[in-house]
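Here is the structure we will look at.
Derivation of every value follows stated rules applied to the coordinates shown; laboratory data play no part. In this text the structure is predicted, and so the values were computed from the model without any measurement. As a convention, Cβ positions derive from the backbone with ideal geometry for all residues, glycine included, and neighbour counts pool all protein chains shown.
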Amino acid sequence: MRERLVAILPEFARKPLRSVRDYASRLSYYGSRRFCPVCGRSSGRFREAGRVLREDAQCVHCNALERHRLFWLFILKKTNLFDGRSKTMLHVAPEPFFESKFREYLGDNYITADLVNPRAVVKMDITDIEYPDQSFDVIYCSHVLEHVQDDRRAMKEFHRVLKGNGWAILLVPVSAEEKTFEDPTIIEPSERFKAFGQEDHVRRYGRDYVDRLREAGFKVEVTTVDDFVDKDDAIRMGLTAGSGEIYCCRK
């Protein structure tokens, strides 16, 4: 009822109401119990997020989720990305809050790619990457492979274009099940949602995801939040044992 009443008001009356609503929303997150390492800002809590809502999940300032905060900490603490040496990086399906940081640091050596997003620098089908062998020092692709029919071919393409001393972070949602489930006959969005957890997913990865990466030729190191973040910091940054894993792939 309230939304319908607001909708019939003229714009000059709706604008201050929106300002009050936005201010009240920001006030509800005021505090310093949570800290986002991606944007470096604090809040009283993180926002709910996800198809199945997760509490304390999304930064209210930059929109980074648990997996983004974990990835950012990993590259800061466990990689050579920011060691001052020139690197060429491929970022597939770029998240805006990372894109600005990487572009500022890497300049023209930072290449964003996507099949449908016009904001990306390159239109790219990751099963057929139009770059020569060993083109990139770093590849980052998060939560894309579960949308790709031939994910094994995409993994091999990532392996092909990665330099011999480079590394790739290839992240997907991984369930607690041992085996990956996929069925190409499931094409209806509602049925895909039931089977895979989202209408545009084509499989539900299990613990054998790492085996697929190794079959593509990668040496894979699996890292969890407990491996490099102490308990108190993990809690403050909204990172729990269920925040996911980092799959760092090398040749």
Calculated from backbone phi, Karplus (6.51, -1.76, 1.60) coupling profile of the stretch 126-131 in Hz, x at Gly/Pro: 6, 8, 8, 7, 8, 10
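As a check on your grasp of the helix formula, calculate [θ] at 222 nm for the chain: sum -39500 (n - 2.57) over DSSP H runs of n ≥ 4, divide by the residue count, round to the nearest 500. Intermediate results must be reported in sequence, preceding the final value.
Working: 8 runs with 80 residues, N = 251.
Here the helix-only value at 222 nm equals -9500 deg cm²/dmol.
Using 0.36 nm per residue of separation minus the Cα-Cα distance, give me the extension gain between Leu115 and Arg54 in nm, one decimal. Present the calculation step by step, with values, prior to reporting the outcome.
Working: separation 61, 0.36 × 61 = 21.96 nm, distance 2.87 nm.
Length difference between fully extended and current span is 19.1 nm.
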Net lengthening on full extension, Lys101/Lys194 (0.36 nm per residue, minus Cα-Cα): 29.8 nm
Inter-label distance, nm, simple model (7 Å from Cα along the C-beta direction), Val222/Ile235: 2.7 nm
Whole-Hz couplings from phi, Karplus 6.51/-1.76/1.60, listed for the stretch 192-206; x for Gly and Pro: 5, 4, 5, 7, 10, x, 7, 5, 9, 8, 10, 6, 10, 5, x
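Could you work out how much longer the chain between Lys251 and Thr127 gets when fully extended? Use 0.36 nm per residue separation minus the Cα distance between them, nm to one decimal.
Working: separation 124, 0.36 × 124 = 44.64 nm, distance 1.84 nm.
Gain on extension, Lys251 to Thr127, equals 42.8 nm.
Taking the square root of 5 times each eigenvalue of the Cα gyration tensor, what semi-axes in Å does the equivalent ellipsoid of the chain have, largest first? Walk me through the numbers on the way to the answer.
Details: eigenvalues 220, 106, 81 Å².
They are 33, 23, 20 Å, listed from largest to smallest.
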Disulfide-incompatible cysteines by the Cβ rule (no partner under 4.7 Å) in the chain: Cys141, Cys248, Cys249
Three-way shape call for the stretch 147-230 based on the alpha-carbon gyration tensor, with the a/c threshold at 1.5: oblate
Degrees separating the helix 96-106 axis from the principal Cα axis of the chain, which is the longest one: 50 degrees
Cα→Cβ-extended label distance, 7 Å offset, between Asp108 and Arg152, nm: 4.0 nm
